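Have a look at the structure below before the remarks.
Derivation of every value follows stated rules applied to the coordinates shown; laboratory data play no part. All of these numbers come straight from a predicted model, not from anything done at the bench. Note that each Cβ is placed from the backbone with ideal geometry, even for glycine, and that neighbours are counted across all protein chains shown.
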Amino acid sequence: MTTVRLLVGTHKGAFVLTSDERRKDWKIEGPHFAGWDVYHVNASPAEPNRLYASTSRGWFGQVIQRSDDGGATWQPVGNEFHYEGTPGTHKWYDNTDHPWDFLRVWHLEPSLTDPETVYAGVEDAALFKSTNGGTSWEELPGLRTHKTAPSWAPGAGGLCLHTIILDPTNPDRIITAISSAGSFRSDDRGETWRPINHGLRSSYIPDPDAEIGHCVHHLAMHPSRPNVLFMQKHWDVMRSDDAGDSWHEVSGNLPTDFGFAIDVHAHEPETIYVVPITSDSDHFVPDGKLRVYRSRTGGNEWEPLTKGLPQKDCYVNVLRDAMAVDSAESCGVYFGTTGGQLYASADSGDSWTAIARDLPAVLSVQVQTLA
Amino acid sequence: MIRVELPANLRTLAGVGREVQLQVDGPITQRTVLDALEAEYPMLRGTVRDARTKKRRPMLRFYACEEDLSDESLDAPLPEPVTAGREPYLIVGAIAGG
């Protein structure tokens with residue numbers, strides 16, 4: 001019997017939801033870490049009951065929590081993130097030089113093969129790695145010390161490394177994204193990095209197709225085709241067919257090409273999902289209608305998915321890590337909103353149900369499909 | 001025993017109530033009390049003071065006996081009512097965010 005488990009991070013704690021494969025009735029457990037900002041909760045693919053959670057507060061800093069029983073109980077592990085060497089500076093909002101300063105972990109990406117190994121993407125942007133279950137953390141400094149790093153500048157949410165993709169076919173390859181520096185790829189396990197932003201155009205930087213400076217909001221990859229990447233940029237939905245070496249726009253007929261979340265269907269690598277958001281400044285869905293857009297053609301041709309979603313008076317946002325897909329036979333799609341609603345579809349997005357309506361603002365959603 | 005009152009988020013993290021009691025050996029100062037707190041509750045290491053520099057986190061204050069001790073020497077003796085266990089040493093989160 002398949003069990004589906006959702007790991008939900010919110011502004012005031014984490015929640016774990018479970019259901020059987022029908023995905024109609026959900027048991028909600030939480031809040032774990034009540035009162036803490038939970039930017040991300042993620043599970044080890046190698047040991048599904050091993051979970052990691054990033055909890056933080058402006059008052060008290062960063063605490064990583066670990067569970068070995070699928071989220072029933074948790075223990076705090078390492079909370080020391082120190083940049084290697086003298087960190088130097090990046091650009092601040094006013095274009096002055098600003099010292100690199102650790103604030104929080106945005107994203108946790110467990111190793112595909114070793115439950116003790118996990119990567120952390122942090123603000124100010126850097127990549128850390130633990131090989132002892134989160135007990136201690138070492139920076140992989142090659143990214144933060146890239147020659148372009150002194151010119152990186154933060155997006156509205158800070159200079160955050162928010163996306164980490166591990167290539168399932170090539171253990172040497174790691175892909176990351178930083179707001180608002182852009183995307184970067186390592187082909188030597190994180191030792192050295194190069195920007196992979198060719199083809200991006202961003203009108204908010206002096207040179208629209210510069211090597212760095214692009215506000216990449218999120219990246220998604222289907223594990224069967226690791227060279228195909230999809231990107232939701234500040235504006236523009238983009239696609240790469242060569243692991244990021246070059247990109248082309250696939251926004252097509254979207255009502256707005258701004259958004260944060262993007263994901264790929266579990267069984268159809270050309271089926272992708274985004275949630276268009278009105279920008280600048282509004283950062284809620286257009287026309288008061290919450291619509292997921294699905295492309296079955298790898299982009300360009302998009303259809304709105306509305307059944308079960310509010311189509312009037314809705315003014316929520318869906319953040320970059322707040323969408324996930326399960327791998328049940330009929331692919332499930334999930335997303336959480338800044339209004340605290342958690343929506344689920346058990347039919348690839350054709351219809352939706354609110355499985356929680358009144359959570360704190362949702363920051364992240366991950367899903368596990370457990371045999 | 002030295003009584004230490006914690007802000008809500010740290011009670012959640014340490015799995016304790018509003019106040020903890022600590023055995024502190026030697027001179028009873030802010031430093032020795034905070035050292036004892038972190039030894040007894042290692043999950044709090046880094047949440048009150050920076051783990052490396054031991055500098056107080058900017059949005060926290062230390063009070064006792066209606067006095068703000070935040071900027072006092074960490075090695076000065078704490079007030080007698082605290083050392084005698086009649087009054088708690090307060091770790092207070094700034095009221096911020098509305």
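Numbers at a glance
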{"quantity": "Footprinting exposure proxy for B:Arg86, A:Arg104 (fewest neighbouring C-beta atoms within 10 Å first)", "calculated": "B:Arg86, A:Arg104"}
{"quantity": "Over the stretch A:79-229, relative contact order from alpha-carbon pairs under 8 Å, at least 6 apart, %", "calculated": "17 percent"}
{"quantity": "Descending semi-axes in Å of the stretch A:190-310, equivalent ellipsoid built from Cα gyration tensor", "calculated": "24, 19, 11"}
{"quantity": "Mean separation of Cα contacts under 8 Å (6+ apart) over length of chain A, as relative contact order %", "calculated": "12 percent"}
{"quantity": "Extension gain from A:Thr135 to A:Asp350, taking 0.36 nm per residue of separation minus the Cα-Cα distance", "calculated": "73.2 nm"}
{"quantity": "Theoretical gain in end-to-end length, A:Arg194 to A:Ser281 [0.36 nm per residue, Cα-Cα removed]", "calculated": "28.2 nm"}
{"quantity": "Counting DSSP beta bridges with both ends in the stretch A:1-159, the antiparallel % (nearest 5)", "calculated": "100 percent"}
{"quantity": "Highest-fluctuation residue, A:His98, A:His248, A:His217 considered, GNM on chain A with Cα pairs under 10 Å", "calculated": "A:His98"}
{"quantity": "Selected from A:Ala344, A:Ala354, A:Ala324 as most flexible by GNM, with chain A as the system and alpha-carbon contacts under 10 Å", "calculated": "A:Ala354"}
{"quantity": "Rounded to whole Hz, the Karplus (6.51, -1.76, 1.60) HN-Hα couplings of the stretch A:321-338, x for glycine and proline", "calculated": "9, 9, 9, 8, 10, 8, 10, 5, 4, 9, 4, x, 10, 9, 8, x, 10, 5"}
{"quantity": "Cut-off under 5 Å, modelled amide H: who pairs with A:Ser179 long-range", "calculated": "A:Cys160, A:His162"}
{"quantity": "Distance between modelled label sites at A:Gln75 and A:Lys307, nm, 7 Å Cα→Cβ extension", "calculated": "4.7 nm"}
{"quantity": "Relative contact order, percent, the stretch A:1-103 [alpha-carbon distance under 8 Å, six or more residues apart]", "calculated": "15 percent"}
{"quantity": "Whether the stretch A:1-134 is rounded, prolate or oblate, judged on the alpha carbon gyration tensor where a/c under 1.5 counts as rounded", "calculated": "prolate"}
{"quantity": "Spacing of the two label points (7 Å from each Cα toward its C-beta) at A:Ser203 and A:Glu116, in nm", "calculated": "5.3 nm"}
{"quantity": "Where a label projected 7 Å from the Cα of B:Glu67 along Cα→Cβ would reach, residues of the stretch B:1-30 with amide N under 16 Å", "calculated": "B:28-30"}
{"quantity": "Under 17 Å from the Cα of A:Lys12 - lysines, other chains or at least 8 residues apart", "calculated": "none"}
{"quantity": "Partners for A:Lys307 among lysines (Cα-Cα distance below 25 Å; same-chain residues under 8 apart left out)", "calculated": "A:Lys24, A:Lys27, A:Lys289"}
{"quantity": "Tail beyond 17 Å, pair distance distribution of chain B (Cα, percent)", "calculated": "46 percent"}
{"quantity": "Separation of alpha-carbon centers, the stretch B:1-65 and the stretch A:215-272, rounded to whole Å", "calculated": "47 Å"}
{"quantity": "Chain A shape via C-alpha gyration tensor axes, a/c threshold 1.5", "calculated": "rounded"}
{"quantity": "For the stretch A:126-239, alpha-carbon Rg and Dmax in angstrom", "calculated": "14.0, 43"}
{"quantity": "From phi via Karplus (6.51, -1.76, 1.60), per-residue ³J(HN,Hα) for the stretch A:171-182 in Hz, x at Gly/Pro", "calculated": "x, 7, 9, 10, 10, 10, 9, 10, 9, 10, 9, x"}
{"quantity": "Shape box of the stretch A:255-371 [Cα atoms, principal axes, largest first, Å]", "calculated": "40, 33, 22"}
{"quantity": "Mean shadow area of the stretch A:330-371 over all directions, Cα convex hull, nm²", "calculated": "3.1 nm²"}
{"quantity": "Spin-label model distance (nm) - A:Asp187 vs A:Arg296, 7 Å beyond Cα toward Cβ", "calculated": "3.6 nm"}
{"quantity": "A:Tyr315/B:Ala84 FRET efficiency (R0 51 Å; Cβ-Cβ; nearest 0.05)", "calculated": "0.35"}
{"quantity": "Efficiency of FRET from Cβ geometry, A:Asp245 and A:Glu268, R₀ 25 Å, rounded to 0.05", "calculated": "0.55"}
